[in-house]
1. In the stretch 34-45, is there at least one residue being of a type in the set (A, V, I, L, M), surrounded by fewer than 17 Cβ atoms within 10 Å (Cβ to Cβ) and in a loop (DSSP other than H, G, I, E, B)?
2. Of all residues in the stretch 144-188 being open to solvent by less than 20 Å² (accessible area, probe 1.4 Å) and in contact with a His (Cβ under 9 Å, 6 or more places away or on another chain), which is nearest to H217 (Cα to Cα)?
3. Just to be sure I understand, how many residues within the stretch 164-180 are away from the ligand (no atom under 16 Å from the Cβ) and within 23 Å of G139 (Cβ to Cβ)?
4. Among (1) farther than 29 Å from G167 by Cα; (2) more than 14 Å from the ligand (Cβ to nearest atom), there is one condition A100 misses while meeting the rest; what is its number?
5. Which one of the conditions (1) over 30 Å from G49 (Cβ atoms); (2) at pLDDT below 95; (3) not charged (D, E, K, R) does I210 fail to meet, given that it meets all the rest?
6. Against the conditions (1) in contact (Cβ under 8 Å) with a residue 60 or more places away in the chain; (2) closer than 30 Å to E12 by Cβ; (3) out of contact with any Leu (no Cβ under 8 Å at 6 or more places or on another chain); (4) open to solvent by less than 50 Å² (accessible area, probe 1.4 Å), where does G129 fall short? Just the number, please.
7. Considering only strands (runs of 3 or more DSSP E) fully contained in the stretch 53-115, which possess at least 3 residues that are open to solvent by less than 20 Å² (accessible area, probe 1.4 Å)?
Amino acid sequence: MLIQVPDLLSPEQVAACRSLLDSSEWIDGDVTAGHQSRRAKNNMQLAEGDPGAIMLGDIIQAELERNTLFVSAALPKKIFPPLFNRYSSGHSFGTHVDNAIRQVSGTEHRVRTDLSATLFLSDPDEYEGGDLVIEDNFGVQRIKLTAGSMILYPASSLHHVTPIKRGTRIASFFWIESMVRDDGQRTLLFDLDSSIQRLAAESPEHPSLIQLTGVYHNLLRRWAEV
Ligand code: NI
């Protein structure tokens, strides 16, 4: 399942992130790449543990926790502290799969990567190329969103970032361990939750609402690991 979360950050928050990122120290993106993806990866990144990255990551995490679309789609159990990357002219990231388990640098904390997230911090007119291309059973999708918007996709999917031809593309990227590991089960729960929300808005007294809500929670009880 591919889910767009529009306007996770406000324009003011994006501007604040960008001004902090402009004065940050960018290093070669190889540092967080796995064995196989290191050869494919050609971009810049903020170091894990960079104080600016931690501060911005906390802002992003706070917005994620109160975003009902994100919570319903991801059913998050753990969120990897957001990382930041920058692609300029000639940079790209070839086809790869994200590592299944990520350890938070300098800690014992591990996150199983059920979902991958890219939060765009540059607007599409700031760069050419730099499409996030995701291949999965839903086909090939090319993603380029407005600054402040985020795409969520299964971490099991092959993906790449096309070469930048002009300008600079800045984004945050991170992973989510979901309470519901299986993408198919998570998709069913999301579809059910979305239709309950619609029904509740259109027909709040509908007698089936309580029963449907019960079905949702009983499926969640059956499938979730907390
Ligand atoms: Ni990746």
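The values are calculated or read from the model by the stated rules, or taken from the named source; none is laboratory data. Just so it is clear, the structure is predicted and the values come from calculations on it, not from any experiment. Quick reminder, even Gly has a Cβ in these numbers, built from the backbone with ideal geometry, and neighbours come from all protein chains shown. Surface accessibility is based on the protein's heavy atoms, side chains included, excluding ligands, DNA and RNA. Shrake-Rupley method; radii C 1.70, N 1.55, O 1.52, S 1.80 Å.
1. The first filter runs over the stretch 34-45 and keeps only residues of a type in the set (A, V, I, L, M), leaving 40, 44.
Still in the running and surrounded by fewer than 17 Cβ atoms within 10 Å (Cβ to Cβ): 40.
With the extra rule that they be in a loop (DSSP other than H, G, I, E, B), the set shrinks to 40.
Looking for residues that are of a type in the set (A, V, I, L, M), surrounded by fewer than 17 Cβ atoms within 10 Å (Cβ to Cβ) and in a loop (DSSP other than H, G, I, E, B), one finds at least one in the stretch 34-45, hence yes.
2. Here the residue is Y153.
3. Here the count works out to 1.
4. Every condition holds for A100 apart from (2).
5. Status for I210: all satisfied but (2).
6. (1)
7. It comes to 83-87.
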